[in-house]
Amino acid sequence: MTTTQSRLPNPAVLVPELKDIGGALYKATGNGTIPQTTISLVQLRAGQLAGSTYLTVLHTGNLRKAGAAEESITAVASWRDAPYFTDAERVALELVEAVLTPNPAGERVPDELYARASEHYDDQALATLIMAIGQVCFFLPLALIGKPLPGVSPAEQWRQ
């Protein structure tokens, strides 16, 4: 079945505060303390883990616009053994997986992982990375429940 519109009317019309929240999150993650490509890698991986075509298409496009290599974009799903990522990017990808994946053996983010992240990111950068994970997690229910059309801008697809 081909869908020509999202399931949910425009959430920014239904909840006008969404524009302010989205803007604040964008500003918080765009403070320059971590590269935009790292943010997009993390958000792409979150979309993959959640099974959201909308988010994977969106963040793949963001990575392409930022000039990321096709190999690194393609390898996000198998990042652990892919040679395309820096150590800082690897720990960022490990953090998003830890946050979004249950760990039946203990903490999702153990002290050892936090310590490794701290080796690559100062406190402000680490807080920014955490906000980038939170940003994609904030929009995840809209992507999964509202089911916006992949590759179509919000302005073009939201029903009024």
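Readers should treat all values here as calculations from the given coordinates under stated rules, not as data from a laboratory. Owing to the predicted nature of the structure, the values given are computational and were not obtained by experimental measurement. Here the Cβ is made from the backbone with ideal geometry for all residues, glycine too, and neighbour counts use every protein chain on show.
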In terms of the charge dipole of the chain, which places +1 on Lys and Arg and -1 on Asp and Glu at the beta carbon, the residue among 69, 58, 136 farthest towards the positive end is 58
J(HN,Hα) series, the range 84-96, from Karplus relation 6.51 cos²θ - 1.76 cosθ + 1.60, nearest Hz, glycine and proline x: 9, 10, 6, 4, 5, 5, 4, 5, 5, 5, 5, 5, 5
Global form of the range 19-127, assessed from the alpha-carbon gyration tensor, a/c cut-off 1.5: rounded
Counting Lys +1, Arg +1, Asp -1, Glu -1, what net charge surrounds residue 87 among other residues with beta carbon under 14 Å of its beta carbon? 0
Over the range 36-146, relative contact order from alpha-carbon pairs under 8 Å, at least 6 apart, %: 33 percent
With charges only on Cβ, +1 for K and R and -1 for D and E, what is the dipole size of the chain about its Cα centre, in debye, rounded to 20? 800 debye
